[in-house]
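Step one of this worksheet: look at the structure below.
The values are calculated or read from the model by the stated rules, or taken from the named source; none is laboratory data. All values derive from a computational prediction rather than experimental measurement. Using ideal geometry, Cβ is built from the backbone for each residue, glycine included, and neighbour counts are taken over all protein chains shown. Keep in mind that these areas ignore ligands, DNA and RNA; they rest on the heavy atoms of the full protein, side chains included. Shrake-Rupley method; radii C 1.70, N 1.55, O 1.52, S 1.80 Å.
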Amino acid sequence: LHQGVDHPGIPVGTMGFDEVYVRVGDFGLYQKRVLLFLSLLCIPSGLYALFAVFGDTDPQSWTCNRSAGVAAQEVVSEEQKCELWKSGDCQPEYQAERNSTVTEWNLVCGDRWKKGLPVSALFVGVGVGSWASGLLSDRIGRRVVTLWSSLLGALAALSTALSWNLLSYTATRFIQGAVAAGVLPVPFVLMGELARPSARETCGNILQAMFAVGMVMLCCLALIIKNWRTLAIACSLPGLILTPILWRLVYRVSVRQSQTLLILMTGA
């Protein structure tokens with residue numbers, strides 16, 4: 001810290017950042033409030049990550065609805081159904097308890113491998129977004145990146161419900177992963193900077209546990225909502241509702257605490 005400033009009990013020029021927090025309040029109301037708000041913002045990540053479990057699920061079975069003029073024959077095996085579907089002599093008819101991208105875009109037979117493209121795109125986006133959010137958080141601030149990641153992630157989740165084909169759905173999932181990637185790692189670092197050393201592990205565990213809370217919420221929503229588009233809209237709502245409410249609360253820094261830190265660190 002600033003040389004020549006006398007701090008009782010601490011040698012001049014040797015006070016580090018952690019020591020400053022101990023003196024001004026190492027884990028007070030402000031840190032607890034920020035932890036609560038960041039925890040709420042982390043919940044939607046679990047909804048986004050495992051959406052494919054329900055949104056891209058396979059039907060229990062499907063039958064071949066033969067076109068008019070096709071000779072009636074018993075179609076039992078998967079190979080027979082696929083041959084008829086490939087030749088254009090039938091349309092798949094699904095026995096499924098929920099509507100999914102597989103049943104809507106007929107991702108069966110030779111196209112079955114395509115159902116993995118959206119979730120792969122999501123995690124490629126997460127990789128790109130994690131790298132980018134780390135760079136941005138060092139330049140423009142961790143609160144800003146966290147809040148924008150939360151808001152854009154929710155908007156991207158909403159946009160998946162508007163997808164008109166597999167390609168557009170895959171693209172929106174990539175964007176969703178890229179823009180929402182900063183919601184978990186950036187708050188983790190932010191709380192590490194705000195909390196005292198002994199509390200950092202607990203804060204990190206709480207933030208990561210919110211991912212599991214999001215997964216539980218997704219399972220509860222999927223029990224009620226059977227259409228994948230409606231489920232995508234429902235998954236976007238927590239982020240769309242929470243982010244504007246918490247925007248100012250998370251971004252606002254306690255003036256008194258900031259002034260105290262400035263005095264201790266600069267000697268002003």
> Sorting TRP62, TRP148, TRP164, TRP105 by accessible area (1.4 Å probe), largest first, what list results?
Replying inline: TRP164, TRP148, TRP105, TRP62
>> Treating segment 152-215 as a set of equal point scatterers at the Cα positions, no solvent, please give the Debye-formula log₁₀ I(q)/I(0) at q = 0.16, 0.22, 0.25 Å⁻¹.
In response: -0.63, -0.87, -0.98
> Which cross-chain or sequence-distant (5 or more) residues have an amide H under 5 Å from the amide H of ASN65, H modelled 1.01 Å from N in plane?
Replying inline: GLN91, GLU93
> So how exposed is GLU93, as accessible area in Å² (1.4 Å probe, rounded to 10)?
Replying inline: 90
> If you place +1 on the Cβ of every Lys and Arg, -1 on the Cβ of every Asp and Glu, and leave all else neutral, what size is the dipole of segment 92-242 about its Cα centre, to the nearest 20 Debye?
Replying inline: 160
> In the full protein assembly as shown, how much of THR63 is accessible to a 1.4 Å probe, in Å² to the nearest 10?
Replying inline: 60
>> Rolling a 1.4 angstrom probe over the protein chains, ignoring ligands and nucleic acids, what is the accessible area of VAL34 in square angstrom, nearest 10?
In response: 0
> With every protein chain kept in the model, how would you rank VAL186, VAL216 by accessible area, 1.4 Å probe, largest at the top?
Replying inline: VAL216, VAL186
>> Let me check something: with ligands and nucleic acids excluded, how do LYS114, LYS81 order by accessible area (1.4 Å probe), largest to smallest?
In response: LYS114, LYS81
> Using a cut-off of 28 Å between alpha-carbon atoms, which lysines can reach LYS114, once sequence neighbours fewer than 8 places away in the same chain are excluded?
Replying inline: LYS81, LYS86, LYS226
>> List the residues, sorted by chain then number, that are 5 or more residues from LEU107 or on another chain and whose placed amide H is less than 5 Å from its amide H.
In response: none
